[in-house]
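Structure first, then comments.
The values are calculated or read from the model by the stated rules, or taken from the named source; none is laboratory data. Keep in mind that what you see is a predicted model, and the values were worked out from it rather than measured. Here the Cβ positions follow ideal geometry from the backbone for every residue, glycine too, while neighbour counts run over all protein chains shown. We work out accessible area using only protein heavy atoms, side chains counted, and drop any ligands, DNA or RNA first. Shrake-Rupley method; radii C 1.70, N 1.55, O 1.52, S 1.80 Å.
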Amino acid sequence: MKMHALLTSKGAAIAIALALTAAGCATTPIPNEKIAVAKASVQRAEQSGAPELAPVEMATARDKLSRAEKAAADRDAQPATELAEQANVDAQLAEATAQEKKSHKAATEFDASLQALRQESLRSSQPAQ
């Protein structure tokens, strides 16, 4: 009789553990939306010129996005979520870095044009000898 009660309580404990594990999986959904947001950020960064202007940041974003997709395919929600969020931030950094470099280049070119214009203005305002 004691053995039967012990087996029944072990079976109940196993059933409870399985139910809790299943409930735990159900409460951590696969972060498909976060992965989609990260993909969109990577695409925006690619279109902004980040592969050429911010290659390290771009490579990091792509790597983390790839790892997030693999974790999601493996149904490993927590790492997938974290990696997708990190990929999103890294892609935004790559895009911002690319924009900053483009702005810096444009400012440098503007300064050079302005300097050339000033020199031309000085030459044309001096009396001929």
So Thr81 passes all but one of these: (1) open to solvent by less than 80 Å² (accessible area, probe 1.4 Å); (2) of a type in the set (Val, Ile, Thr); (3) within 22 Å of Pro55 (Cα to Cα). Which condition number does it fail?
(3)
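Taking the range 29-44 as the search range and keeping residues that are among the basic types (Lys, Arg) and buried (at least 17 other Cβ atoms within 10 Å of the Cβ), which one is nearest to the chain's Cα centre (by Cα)?
Looking at the filtered set, the residue picked out is Lys39.
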